[in-house]
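Here's the structure we're looking at; comments come further down.
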Amino acid sequence: MGKLLGVLSGICGLGLAFSAQAVVTNQFIEPQTRQETQAYRLIKVIEPQIQLLYQALPLQSKLTVVYGAQDGPLFDPEVMQIQIPYHFVTEVLNRFSKDDYQQTGVTPKQATQDALLHTLGHEYGHAYIYANEVIVLGREEDAVDTLATLLLINAFEEGAEIALSAADLFALEDEEIDELMVDDFSDEHSLDVQRYHATLCLIYGSDPKQYAGLLADSAQREDRALMCQQEYQRQSDNWDRLIRRNSN
């Protein structure tokens with residue numbers, strides 16, 4: 001897990017400051033099984049990082065994060081809750097473990113915590129858009145994927161590495177799909193493989209020298225490299241203006 005920077009005075013120049021008071025309350029449902037207890041412990045380890053991640057974006061209303069919920073991960077605007085089931089954490093851990101993810105130098109447990117941070121940033125993005133009445137032109141799921149990635153990259157010293165674990169989870173989930181169905185193309189989320197490449201693009205754009213190896217060799221490599229740098233800067237600038245406008 002990357003050492004927290006204390007959220008920079010500007011997230012990629014986003015000018016996001018800590019809110020004076022926490023607006024997010026964590027609620028942990030008592031784990032009932034060994035697997036749920038393991039998931040609970042994985043979450044508790046990164047609870048300080050989770051809280052600091054949230055404080056980077058002020059909300060106009062209170063929010064509760066329920067760990068151990070039955071459904072999710074999701075944001076429920078009717079009750080202003082982010083719901084994270086323990087079984088989701090277990091499933092993510094099992095995916096990384098099955099893939100022998102420790103061979104990358106990151107343990108499955110750490111990768112699970114990384115992916116959970118991205119998931120929480122994603123759902124918090126939904127909450128922020130709803131609570132602050134943000135107008136989103138385009139797919140909101142793509143917008144909050146971008147926000148979650150930007151928050152990780154800029155809030156943590158090794159945030160890009162955290163985001164990379166989250167991207168790898170998308171890749172692993174894509175590998176489990178034998179055949180795409182019609183419903184896959186009409187889903188509110190982009191395809192897992194698209195989410196994987198979109199996240200990699202932002203990671204590369206944040207530091208082209210360090211992450212030069214992320215872009216696959218192809219005739220379009222140079223064009224894609226430039227596009228990812230421009231995309232990272234454009235998305236950062238867009239969120240900068242958006243957040244400043246909705247924080248006043």
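All of the numbers you see were taken from the coordinates with simple rules; none came from a lab. Note that the structure is predicted; figures quoted are calculated from it, not measured. Positions of Cβ are backbone-derived with ideal geometry, glycine not excepted, and every protein chain shown enters the neighbour counts.
For region 50-61, backbone phi angles converted through the Karplus equation (6.51, -1.76, 1.60; θ = phi - 60°) give residue-by-residue couplings of 4, 5, 5, 4, 5, 5, 6, 10, x, 9, 8, 8 Hz, Gly and Pro being listed as x.
Think of region 24-247 as having a plus end and a minus end, set by charges on the Cβ of Lys, Arg, Asp and Glu; of Ala148, Gln49, Thr33, Gln49 sits farthest toward the positive end of this dipole. Once both labels are positioned 7 Å from their Cα atoms along Cα-to-Cβ, the gap between Gln32 and Ala171 label points is 3.7 nm.
Determine, for each peptide in 66-73, 23-30, 153-160, the mean count of other beta carbons within 10 angstrom over its residues, then list the peptides with the highest first. Please report the intermediate quantities before stating the final value.
Numbers: 66-73: 17.6, 23-30: 14.1, 153-160: 21.5.
Highest to lowest by the protection proxy: 153-160, 66-73, 23-30.
Among Tyr232, Tyr40, sorting on how many other beta-carbon atoms sit within 10 Å of each Cβ, with the fewest leading, yields Tyr40, Tyr232. Summarising the amide proton neighbourhood of Leu74: residues at separation of 5 or more, or on other chains, whose placed amide H is nearer than 5 Å comprise Gln83.
Here the peptides 90-103, 121-134 are ranked by packing, the mean other Cβ count within 10 Å, and the order with the highest first is 121-134, 90-103.
Between Arg244 and Asn94, the distance separating the two model label sites (each 7 Å from Cα on the Cα→Cβ line) works out to 4.7 nm.
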